[in-house]
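To keep things clear, I will list the structure first and then write my remarks on it.
The values are calculated or read from the model by the stated rules, or taken from the named source; none is laboratory data. Computed from a predicted model, the values in this text were never measured in an experiment. Positions of Cβ are backbone-derived with ideal geometry, glycine not excepted, and every protein chain shown enters the neighbour counts.
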Amino acid sequence: MTVLSRRQLGLLAPAALFMSGCTGSGVALARTGPDSFAPLVKRVLPAVVNIAVTETVSGNDPMDALPQEIQRQLRDRFRRSRRQVQGAGSGFIIDASGYIVTNNHVVGSADVISVALYDGTELPAKLVGTDDLTDIALIKVISPKPLPFVPWGDSRVMEVGDWVIAAGNPFGLGGSVTAGIVSARGRDIGASAFDDYLQIDAPINPGNSGGPVFNTDGQVVGVNTAIVSPNGGGSVGIGFAVPSEVAQRIAAELRDKGRIERGWLGVSVSDLPPGEGRKKNPGVAIAGVDRSGPAAKSGLRAGDVVVAVNGTPVDTSRGLIRAVAATAPGINVSLSVRRQGRDLEVPVMVGRRPANDQG
């Protein structure tokens, strides 16, 4: 089984779903879902957009295969080649003024971004900001008239088995919707320490990246991001969406600041092995310390075990990273540390997390 990278994202195909109940006599009765999603689709689809991007990438230097003498003669005339590649994805409008949420892997490296509205209007878009750790991006278009938009919903109240609708631009077809259910919550697919996906079986495919997942009230409860694909191509019905509780907060911060600021300690961490009894001796081991980072300046050492942040216990690396990342840079936190059998309280002023840093 292969989890496609965000760059290879696709989404799945519809499945017939039934719920069963029991009468007092013990006879099971099949109950279908809604008679039709058409009223909901008509309401929300005008706010779903198709996104086309053009990206310039470096190619191989054709002189590398030539003799050295020829290379020297041509070096000033024949520079490194570059080529343009095109891609497509989806997004949804969250404000009548033209703010659009999509995936970072759709627009993060684009040189040119073009948005096609539901009515066929094409508008150039500018990148407002991206966050590679949650794969959320915000872009903006300028329209002469207010645009249709969709509201955020609360992904925290979504339960396994709840109906959802996925919308987007699969395989460049545009304006497509599929229906399914929430299959699981809190999925970690190994993309980053911030993985906390909704798993859905509403069919999604390449091109659905960045498209919305709606609840039955027409509110966005997720942003399509990745699928599982055993053959590395099409979908088999297991998709993943960034929950709205994460995506909404990231989009708001990108709109306000153009970037995401997360706390950082400057350490590499590891979970304690099961043999050490993590339940009896919880904590996260410090495997290494960045000599110029906040942790080193506060006296943390490799071999220390962090058991709590501001009094809240942590027992996984993901938990520690998330707790620190949620702290604004420049704020002091108190780390409860176990060092060679002694318990210590170590105050640390949290730094600003560097781009692409995982510690």
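Determine if region 254-266 includes at least one residue that is in a strand (DSSP E or B) and β-branched (Val, Ile, Thr). No; the residues of region 254-266 include none that is in a strand (DSSP E or B) and β-branched (Val, Ile, Thr). Select from region 219-233 the residues that are part of a strand (DSSP E or B) and modelled with pLDDT of 90 or more and write down the one among them that is nearest to the chain's Cα centre (by Cα). Once the filter is applied, the top-ranked residue is Thr225.
Residue count for region 105-132, restricted to those that are among the polar types (S, T, N, Q) and in contact with a Gly (Cβ under 9 Å, 6 or more places away or on another chain): 1.
Within region 125-143, residues that are closer than 10 Å to Val101 by Cα sit with their Cβ atoms under 6 Å from residues that are hydroxyl-bearing (Ser, Thr, Tyr), at 6+ positions apart or across chains, in these pairs: Ala137/Thr102; Ala137/Thr130; Lys140/Tyr99.
Working only within region 24-59, note down all residues that are among the aliphatic types (A, V, I, L, M) and at pLDDT 65 or above. Residues satisfying the conditions are Ala38, Leu40, Val41, Val44, Leu45, Ala47, Val48, Val49, Ile51, Ala52, Val53. Say whether the condition of being assigned to a helix (DSSP H, G or I) and over 27 Å from Ser155 (Cβ atoms) is met by at least one residue in region 283-295. The answer is yes, given that some residue of region 283-295 is assigned to a helix (DSSP H, G or I) and over 27 Å from Ser155 (Cβ atoms). Number of residues in region 62-111 that are modelled with pLDDT of 95 or more and exposed (fewer than 14 other Cβ atoms within 10 Å of the Cβ) equals 2. Residues that are among the hydroxyl-bearing types (Ser, Thr, Tyr) and part of a helix (DSSP H, G or I): does region 320-339 have at least one? The answer is no; no qualifying residue exists. Could you grab me the full set of residues in region 234-261 that are buried (at least 22 other Cβ atoms within 10 Å of the Cβ), over 12 Å from the mean Cα position of the chain (by Cα) and not aliphatic (A, V, I, L, M)? Passing the criteria: Ser235, Gly239.
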